[in-house]
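**Student:** First the structure, then my questions, so here it is.
The values are calculated or read from the model by the stated rules, or taken from the named source; none is laboratory data. Only a predicted model underlies this, so the values are computations on that prediction, with no experimental measurement involved. Note: ideal-geometry Cβ built from the backbone for every residue, glycine included; neighbour counts use all protein chains shown. Note: areas computed on protein heavy atoms with side chains; ligands, DNA, RNA excluded. Shrake-Rupley method; radii C 1.70, N 1.55, O 1.52, S 1.80 Å.
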Amino acid sequence: MISVGIVGASDYNAGELIRLLVNHPDVNLVKLCDNKNQGKSIVSIHHGLIGETNLTVSPIEKLEDIDVLFISLNSNETKEFLSDYIIPDDQFIIDMSGYAREYCDTKFVYGLSELNRKPLVRGAHLATIPTSIASAILISLIPMVINNIAISDIIINVKGGVESLSGIDSEVIEQLQKLKKEFNSNIKINLSEQECRRGIRVEISLTVNMPFDEIFKLYEDYYDDHNMTYILRDRKDYKEVEGSDKCIVSLIDKSNGQLVIDTIADARLRGGAGDATHVMNLFCGLHEKVGLTLKVNNF
């Protein structure tokens, strides 16, 4: 069994993570730490855990014997924690705070499996989880960029359970330029308010110089062995993904070289607890879907 601890256990992202990990067949959730709510039952902090765990919140200490440590503090708190904490050589750290992105800590692998699965399974011990919006945008664009398909300026419309676009453009551009140094398309991201409990929709309009069927085949081939991303030809409702770690990419041919890429995901799991669990599975040599074969919560 993999012994797991969470630093910042009172955070709402930690709540999502706990709900996944208490039922993960290979995890022993042994420590929930925070400098607030100490001594409280975790059930009293996060809903949906009655009957699932009897753990209480403990101080942030004695973490060295844990196999996988998730950090769900804010980025400044994470910086302070890591500045004092000596990471054991055999411990995995998964940063859910955005610290590594904000402070450009290159020791952390960007934890999007569709982009960095090889580094995550080949010796990495530190990972940072992407934001949900950046995750969906990157999954939408990776096959285009990696296959050198000429792209005009990229217009991205974001809808759903999202509050801010701060820093998203730089996060996306940084990862695409790591993928292809010559990537230089202009990106414009618009946020449209839409009432949605936890789903996000990323709609990207492009002008491309390749037949639609060839583009569709490139996407199918790229994501063929990725177990969480699915390629379709028609737009789907949020209901198909909410409560799961699935990402559905719909490619829509608008004719005359106009392409719409419509991507939906659960904003609490993709770019959050689901991706963090996924990274843990890869770190620990498990099948990537273990603990993530979840029933969508609207059916």
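**Student:** If I take all pairs of Cα atoms in segment 143-299, what percentage of them are more than 29 Å from each other?
**Tutor:** 18
**Student:** Another question, then. Let me know the Kirkwood hydrodynamic radius for segment 68-149, please, with Cα pairs as the basis and the value in Å to one decimal.
**Tutor:** 13.6
**Student:** Turning to a different aspect of this structure: Calculate, for the chain, the solvent-accessible area per residue in square angstrom, rolling a 1.4 angstrom probe over the heavy atoms of the protein chains.
**Tutor:** With the other protein chains kept in place, the chain gives 46 Å² per residue.
**Student:** Less than 14 Å from a label point 7 Å out along the Cα-to-Cβ axis of GLU174: which backbone N atoms in segment 118-145 qualify, by residue?
**Tutor:** Counting backbone N atoms under 14 Å from the label point, the list is 127-132, 134-135.
**Student:** Right, another one. Using alpha carbon centroids, what distance separates segment 1-67 and segment 108-178, in Å?
**Tutor:** The distance from the Cα centre of segment 1-67 to that of segment 108-178 comes to 28 Å.
**Student:** Assign unit charges at the C-beta atoms only (+1 for Lys and Arg, -1 for Asp and Glu), then state the dipole size of segment 196-299 relative to its Cα centre in Debye, rounded to the nearest 20.
**Tutor:** Here segment 196-299 has a charge dipole of around 520 debye.
**Student:** A further question on this structure: For a protection proxy built on the mean count of beta-carbon atoms within 10 angstrom, sort 114-126, 271-283 highest first, please.
**Tutor:** By packing density, highest mean first, the sequence is 271-283, 114-126.
**Student:** From the phi angles alone, apply the Karplus equation (6.51, -1.76, 1.60; θ = phi - 60°) to segment 231-240 and give each ³J(HN,Hα) in whole Hz, x where the residue is Gly or Pro.
**Tutor:** Values, residue by residue: 10, 10, 10, 9, 5, 10, 7, 3, 4, 6 Hz.
**Student:** Ok, one more. Can you give the net charge of the other residues whose Cβ lies under 14 Å from the Cβ of MET228, counting K and R as +1 and D and E as -1?
**Tutor:** -4
**Student:** Dimensions of segment 1-119 along principal axes (Cα, Å, largest first)?
**Tutor:** 39, 29, 25
**Student:** In deg cm²/dmol, rounded to 500, what helix-only [θ] at 222 nm does the chain give when every DSSP H run of at least 4 residues adds -39500 (n - 2.57) and the total is split over its residues?
**Tutor:** Rounded to the nearest 500, it is -8000 deg cm²/dmol.
**Student:** May I ask you to list the lysines whose Cα is less than 16 Å away from that of LYS178, ignoring any residue fewer than eight positions away on the same chain?
**Tutor:** List returned: LYS107, LYS118.
**Student:** Take the alpha carbon atoms of the chain, find their radius of gyration, then divide it by 2.2 N^0.38 Å using N residues; give the quotient.
**Tutor:** 1.00
**Student:** Related question: Kindly rank 93-105, 203-215 from highest to lowest mean number of other beta carbons found within 10 Å of each residue.
**Tutor:** 93-105, 203-215
**Student:** Here's another thing I want to ask about it. Mind grabbing the base-10 log of I(q)/I(0) for segment 188-259 at q = 0.17 Å⁻¹? Debye formula, identical points on the C-alpha positions, no solvent, two decimal places.
**Tutor:** So the normalised log intensities are -0.76.
**Student:** Once the other residues with Cβ under 11 Å from the Cβ of THR293 are scored (Lys, Arg +1; Asp, Glu -1), what is the net sum?
**Tutor:** +1
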